[in-house]
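J.: This is the structure I want to talk about, given as structure tokens.
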Amino acid sequence: MFSKEAEQKITGHSPRELAWRRFKSNKVALPALVIAVFIILAVVLAPVIYSILGIDPEARDANAIDNRGEIIGDFGGISWKHPFGVVPGIGYDTLARMLFGARVSFLIAVSATFVTVVLGLLFGILGGYFRGKVDGVIGRFTDFLLAFPQFFMILALSAPLVDRIQRSGIAHDNEARILYLIIIFSVFGWPYLSRIIRSQVISIRERDFVLSARALGASNTRILMKEVLPNVWTPIIIFVSLSLPGYLSAEAVFSYLGVGVQPPMPTLGVIIADSTHFMMNDATYFFIPSISLILLVLVFNLLGDALRDALDPKSET
Amino acid sequence: MLKGKKTLKVALAAIAATTLASGLLTGCSAGASAGTITYLTVQDSWTHADPQRNYTGRDIAWFGSYLNRTLTAYDRAPGAAGSAVVPDLATDTGKASNDNKTWTFTLRDGVTFEDGSAITCEDIKYGVSRTFATDVITDGPTYAIGMLDIPSAADGSSTYKGPYSTDAANDTASFDKAITCSADHKTITFNLKRSVGDFNYTTTYLSFGPVPKAKDTGDQYDLKPVSTGPYKIKSYKAKDQMVLVRNTNWKADSDPLRAKRAFPDKIVVKFGVASEVLDQTLLTDKNKTAVSLDSLQPTNLTAVFGADGKPVKKYADRAINVYDPYVTYTAVNVKKLNCLPIRQAIYYAKDFKGLITLLGGQALAGDPADGVIKPLMGLDYAKTGFASEDKDWKPEGNVDKAKTLMDQAKSECPALYARVTDPKQGLVYDAPDSPSNKNASAIWIAALARIGVTVKFNFIEAGKYYAVVLDATKQGDLSRAGWAPDWANASTVIPELFTKEGGFPMSQNWDDPAYAAFKQRVVANLSQADRKKQGAEWAALNTYAMQQMWVIPNVFSKTQEIWGSKIGGAFFWEPQGSLSFGDLYTK
Amino acid sequence: MNGLVTYITRRLGLTVLILLAVSFAVYVIFSLLPYDPAALTCGKSCNDPGIIAANRVRLGYDKPFWVQYWLFLSGLFVGRNFGTGAAAIFCPAPAFGYSFQQHACVTSLLGDALPVTIYLAVGALVLWLIVGVGLGIVSAKFKGKIWDTLSTAFVLVGTSLPTFLTGLMLIIFLVIKWDGSPFPSDGYTAPEEDFGQFLLSMVLPWITLAFAYAAIYTRFVRSQILEISTEDYIRTAKAKGLSDGVILGKHTLRAALAPIVTMAGLDFAGLLGGAILTEAVFNLPGMGRLSLTAVVDIDLPVIVATTIVAAAIVVVMNMILDIAYAFIDPRVRV
């Protein structure tokens, strides 16, 4: 392996080209990217897939289960009609449920990631750029926030805050629960990003181009927009690629504990929580959603790793 | 009684015939006095271990078998014989006088607490007094407050506030008059404010059992109650386990009901077992001397029971599927759904087949109910002409009929019609939070969507469910419910469910135009002396309530129990709706 | 030396302040919730407004917020009486409150639960440090080789598998399905009761928990080692002809120690607040179960206490780590 300096001396390419080159050289990066894009497309285009395969997340196939709720046929009723089998007891098409569920799960994970990034960026830049009192206050506040047992707080605040959201009339039922998850994930998520951004901004702030811009009399806003923001993209991209799978599995975990979206609306977590009851009697229905979640998280983690290695080679060396 | 909250009290007409003999006959001679029985439960602790707070059929059966003796008890026998009342601490089943307003029991010789001190009349009197401390002794049955001859204060509560009250105005004098003890401390007399012909059934409740005043720790008595039975508590820790060992001060000859049946040397209850782990432990016979305190999850039922509802060969002698005392139904909040055609439309649109399939089919879930009285009730039951007897009713729902009724509702009650068909509002359905109810919600939502009605589910934590929905201000439009009679008279069903004064008035039907006539007939029938006529009238009133669709009945329900292969002596104890725990032994 | 004392004093002061702030915040958050705390103390009888009113007075919920908070704080130092008359219950200091749903002083509930969680966390910590650091070293040393790939695979599965699935699968396949399984199926045994059974009941929970953490540590240790080995002094050592083993042991690992200890300390502290999923799946009566049931039953005194205790452990651990650094590295004491 080349050391960082050696590599930079040899090539004269832009950082972006370098990053892409490093990304391509990673054996798993491209497959992970392809699978991730495929998953995202499947989730976005779920309605199209329903109509192509003739499945429906809300329809119950009475012919797929007998009158005691047991699946007719082997391997969880996998067939051309039901590619991933059916849900025992109720007769839903598993694939359709999972696609629908993944849409909701992604909605939560993507929105929470977005809000987290906005908050982390805002407070990270404020603290790192202005330093002094502002930095102190933000720093103490993040310390304070990180002192809370987050996992437990998310559980404990769920019922009362969902109730609050509903009573305020902003959202109802599952919309309120989705909103709660997005808010609470973001509230406990931003301090991590803000710390990373802060240290990044501190180092940028002292660099020559910022100092010279300031000497030329550029305003704070201008410096922030033109000089600082474009230089914090790397940590943000890495953070996003890792927090997305993090939020996806968090949603599953909280669903298992009964917090979050309520059936009949599916999410990946809701389906997995339901499938654990069939662990022994319907192995197919248990394994398909669980393995899908693991693969999903795996692929995004791999992609995140590869991105980090490509964009921030020091971490890999 | 609430589903899962109370016990069934099936009073047999002929009580006298059944004595201790029948109990001894079923006391399996095969049982060896040795071994450890391990009970498994998903619950983190007993709801209550304090005898004055214990109010769940299963728990009363368990504590009554091992730890708590009462004046009278249900006989421990399979079938209808189990519902007979036999003497326990008392020498007989009580002597009534003064038009059933005075009841006298005499204590046996040699009955003691676990420390060896004799149980006296005063101990029982003290135990009963605790029921009146409603701020500390919560959740327990309050029969003592309702029946004992103690005046009521202006707000309707008793003037006696229990033994903990430091208030000078506390009416201890009235309590001392309501329960009196003989000079030899062996005879206890209850003076009631009204005639109670079957008071000796009431005294089977553990809340009429003794508590030694010196050992009473108020709220914390729930953690270490003093035993009077063949076992005593060695340790009890919530989320962990309870261990019972033999009570060396218990004398078998003072306790014919439990003598020769106290088989295991040690009894362990493991709390907080994850539901899937619990089911699989029993299904795979991992622990051969384990007994489940919970029913199997619906998802695992079909592995144990065949299509005919009988256990498959592998489980033939260690699982049962029996009718329990309950009728389950959807209570209709008539105050909110004050439009008969809409209630009828919901009844016809309901997808009974889908709901029953989810629970493992009719052989396991139970038969479609045609009212709130179970055929088991004999005299009081007659077909109402609904459900299977209704030619318009279909198991998967009759959408056409329901739509016709909705059209009728559109002109008859346009405001309500507009609300239930508005996707933004719709109906609110209350249900306890459980995996099977969550799946059932999907079926309800889909079924009513077929007639353009929106349903929203309000899942309430199971332990708090009835506390919430019985609060009229918090109840939704429809609520899941179940009820079983306190004893074999529908006087503990129809008035409880459908009158304003009842104990379970979830239908809130007293503003319904059909109510006044109904109420009159109920009141008249309560004082009907001819039991046959009374029964026929209860059956007619059951039909009447159905015609008004004050409830949408679901099933005459069944329950399933499972135990390890090295457990013997198991039978279903009908009055408590659970296994007869005290008869179990290790093979 | 003076600087160190000043630093420690300041750090202690700050810790006390953060603890006060956290306890206050927790108290505020749970007081503002749409619950009537008095109505949660009497179960079914709470249909009676008279009882609710009586309980409100009995538990001090009728007093103004500040008084309640003060009673709570003072209870921590001098104990507190709950109720009046013959049914009164005194909880000795530090009193976090009284749980009417569990019929016990919250402090004694915490006292029961904390050891279980400590056993769980210590065992898991040891396991994941051995596996994580070991695999990290191996994969750094054999970077790009099959061992590195294998450990990367381990890391990816470990980070992608939710704990409850790991736990459920372990218990179903290694306990229930396996006939001769030595592991108990019915949960926890206290060490003082039967040490052998205790170990058997803890093995799978330790593995479950350690699996998730070991993955993170493998990755972390690997990148630390790789980063350090590019530093000048390591190169110098290499140039001097020191063996790989000596360099790894004497220089690289020593340099990597501080960040690993920091991370382990914080993760360990976080775990002491309760490993909710692992405890729930394996039926361990620790802090996680205590807090989870408290949430389900809306047992407010327990919710408040477990939150504050969990936060306090993290804050104190932070302080210990900072002070430890101050000993090692004088630059910190500014």
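The values are calculated or read from the model by the stated rules, or taken from the named source; none is laboratory data. Just so you know, these numbers come straight off a predicted model, no measurement behind them. Note: ideal-geometry Cβ built from the backbone for every residue, glycine included; neighbour counts use all protein chains shown. When the accessible area is computed, the model is the full protein with side chains, heavy atoms only, and any ligands, DNA or RNA have been set aside. Shrake-Rupley method; radii C 1.70, N 1.55, O 1.52, S 1.80 Å.
J.: Under 1.5 on a/c is rounded, so check that first for chain C, then, if it is not, pick prolate when a/b is larger than b/c and oblate when it is not; a ≥ b ≥ c are the square roots of the alpha carbon gyration tensor eigenvalues.
T.: The shape class here is oblate.
J.: Taking the mean number of other Cβ atoms within 10 Å as a proxy for protection, how do you rank B:133-141, B:220-228 from highest to lowest?
T.: B:133-141, B:220-228
J.: If I model a spin label as a point 7 Å beyond the Cα along the Cα-Cβ vector, how far apart are those points for C:LYS250 and B:LYS193 in nm?
T.: The answer from the label model is 9.2 nm.
J.: With a cut-off of at most 16 other beta carbons within 10 Å, and DSSP calling the residue loop, which trypsin sites (Lys or Arg not before Pro) in the stretch C:160-261 qualify? Please list them.
T.: Within the stretch C:160-261, the qualifying trypsin sites (Lys or Arg not before Pro) (loop, at most 16 other Cβ atoms within 10 Å) are C:LYS177, C:LYS240.
J.: In whole percent, and with a 1.4 Å probe on the protein chains, what portion of the accessible area of the stretch B:232-323 is carbon and sulfur?
T.: 54
J.: Moving to a separate point now. With a 1.4 Å probe and all protein chains kept in place, how do A:SER79, C:SER291 rank by accessible area, largest first?
T.: Output order, biggest surface exposure first: A:SER79, C:SER291.
J.: Take the alpha carbon atoms of the stretch B:153-176, find their center, do the same for the stretch A:24-44, and report the distance between the two centers in whole angstrom.
T.: Each part reduced to its Cα centre gives a spacing of 75 Å.
J.: Counting protein heavy atoms only and a 1.4 angstrom probe, how many square angstrom of accessible surface do chains B and C bury in total, to the nearest 100?
T.: The B and C chains share an interface burying roughly 3200 Å².
J.: Can you list the aspartates and glutamates whose alpha carbon sits under 17 Å from that of B:LYS177, skipping same-chain ones fewer than 8 residues off?
T.: B:GLU122, B:ASP123, B:ASP149
J.: As an exercise, take the mean of 1/r over every pair of distinct alpha carbons in the stretch A:106-254, invert it, and state the Kirkwood radius in angstroms.
T.: 16.7
J.: To continue, here is another question. Would you be so kind as to list the residues of the stretch B:235-274 that have their accessible area lowered by at least 40 Å² in the full protein complex compared with their chain by itself (1.4 Å probe)?
T.: B:LYS237, B:LYS239, B:ASP240, B:LYS270
J.: Where both residues lie in the protein assembly as shown, what percent of DSSP beta bridges are antiparallel, nearest 5?
T.: 80
J.: How much accessible area per residue does the stretch A:9-59 have, in Å², with a 1.4 Å probe?
T.: 70
J.: While we're here: Would you mind getting the accessible area per residue of the stretch B:241-391, heavy atoms of the protein chains only, 1.4 Å probe, in Å²?
T.: 33
J.: Can you give the relative contact order of chain B as a percent, counting alpha carbon pairs under 8 Å and 6+ residues apart?
T.: In percent, rounded to a whole number, it is 22.
J.: Also, I was wondering about something else. For B:GLU396, A:GLU175, give the ranking by accessible area with the largest first, probe 1.4 Å.
T.: Output order, biggest surface exposure first: A:GLU175, B:GLU396.
J.: Among A:SER199, A:SER243, A:SER219, whose mean-square fluctuation peaks in a Gaussian network model of chain A (Cα, cutoff 10 Å)?
T.: A:SER219
J.: A follow-up question, please. Using 25 Å as the Cα-Cα cut-off, could you pick out the over-long pairs in B:LYS391/B:LYS500; B:LYS101/B:LYS161; B:LYS232/B:LYS558; B:LYS286/B:LYS314?
T.: B:LYS391/B:LYS500; B:LYS232/B:LYS558, as the Cα separations exceed 25 Å there.
J.: Based on the Cβ-Cβ distance from C:LYS63 to B:LYS177, what FRET efficiency comes out when R0 is 30 Å, to the nearest 0.05?
T.: 0.15
J.: Say R0 is 60 Å: what FRET efficiency, to the nearest 0.05, do B:ASP149 and C:ILE130 get from their beta-carbon distance?
T.: Given R0 = 60 Å and the Cβ-Cβ separation, E is 0.25.
J.: Further, regarding this structure: Give the average, rounded to an integer, of partner chain Cβ atoms located within 10 angstrom of each Cβ in A:272-280.
T.: Mean inter-chain Cβ contacts per residue within 10 Å come to 6.
J.: For a test of the definition: using alpha carbon positions, the gyration tensor, and the 1.5 limit on a/c, classify the stretch C:201-334 as rounded, prolate or oblate.
T.: Cα axes put the stretch C:201-334 in the oblate bin.
J.: For chain C, which whole-number percentage of the solvent-accessible area (1.4 Å probe, protein heavy atoms only) is attributable to carbon and sulfur atoms?
T.: Summing carbon and sulfur atoms, their accessible area is 70 percent of the total for chain C.
J.: May I pose another question? Could you work out, residue by residue across A:264-270, how many beta carbons of other chains sit within 10 Å of that residue's beta carbon, and then give the average as an integer?
T.: Mean shielding count: 2.
J.: Can you list the residues of the stretch C:260-279 whose accessible area drops by at least 40 Å² going from the chain on its own to the full set of protein chains, with a 1.4 Å probe?
T.: Buried on complex formation: C:ILE276, C:LEU277.
J.: Arrange the residues C:HIS251, A:HIS172, A:HIS82 by how much accessible surface each exposes, largest first, with a 1.4 angstrom probe.
T.: Most to least solvent-accessible, the answer reads A:HIS172, C:HIS251, A:HIS82.
J.: Which residues of the stretch B:101-146 show a drop of at least 50 Å² in accessible area when all protein chains are present, compared with their chain alone (probe radius 1.4 Å, heavy atoms only, ligands and nucleic acids excluded)?
T.: At a threshold of 50 Å² (probe 1.4 Å), the residues of the stretch B:101-146 that become less exposed are B:ASP135, B:ASP139.
J.: For every helix of n ≥ 4 consecutive DSSP H residues, a contribution of -39,500 (n - 2.57) applies; sum these over chain A, divide by its total residues, and give [θ] at 222 nm rounded to the nearest 500 deg cm²/dmol.
T.: Helix contribution divided over all residues of chain A: -23000 deg cm²/dmol.
J.: Okay, moving on. With a/c under 1.5 counting as rounded, go ahead and sort the stretch B:98-151 into rounded, prolate or oblate using the C-alpha gyration tensor (a ≥ b ≥ c being the square roots of the eigenvalues; past the cut-off, prolate if a/b is larger than b/c, else oblate).
T.: oblate
J.: Would you list which lysines come within 19 Å of B:LYS394, measuring only between C-alpha atoms, while excluding same-chain residues fewer than 8 positions from it?
T.: Answer for B:LYS394, where 19 Å is the Cα cut-off: B:LYS350, B:LYS353, B:LYS383, B:LYS403, listed by chain and number.
J.: What total accessible area, in Å², is buried where chains C and A meet, using a 1.4 Å probe and rounding to the nearest 100?
T.: What C and A bury together is about 3600 Å².
J.: Rounded to the nearest 0.05, what FRET efficiency do B:SER411 and C:ASP36 give with R0 = 35 Å and r taken as the Cβ-Cβ distance? Could you check?
T.: 0.20
J.: Sticking with this one: Please list, ordered by chain and number, the residues whose modelled amide H lies under 5 Å from the amide H of B:THR586; skip anything fewer than 5 residues away on the same chain.
T.: Those qualifying (amide H under 5 Å, at least 5 residues apart or on another chain) are B:ALA32, B:ALA34, B:GLY568.
J.: Using the heavy atoms of the protein chains and a 1.4 angstrom probe, tell me the accessible area per residue for chain C in square angstrom.
T.: 43
J.: At a probe of 1.4 Å, how much accessible area disappears from chains B and A on forming the pair, both sides counted, to the nearest 100 Å²?
T.: Using a 1.4 Å probe on protein heavy atoms, the buried area is about 2000 Å².
J.: Taking only DSSP H segments of four or more residues, each worth -39500 (n - 2.57), what value at 222 nm results for chain B once the sum is divided by all its residues, to the nearest 500 deg cm²/dmol?
T.: When only DSSP H runs of four or more count, the value is -7500 deg cm²/dmol.
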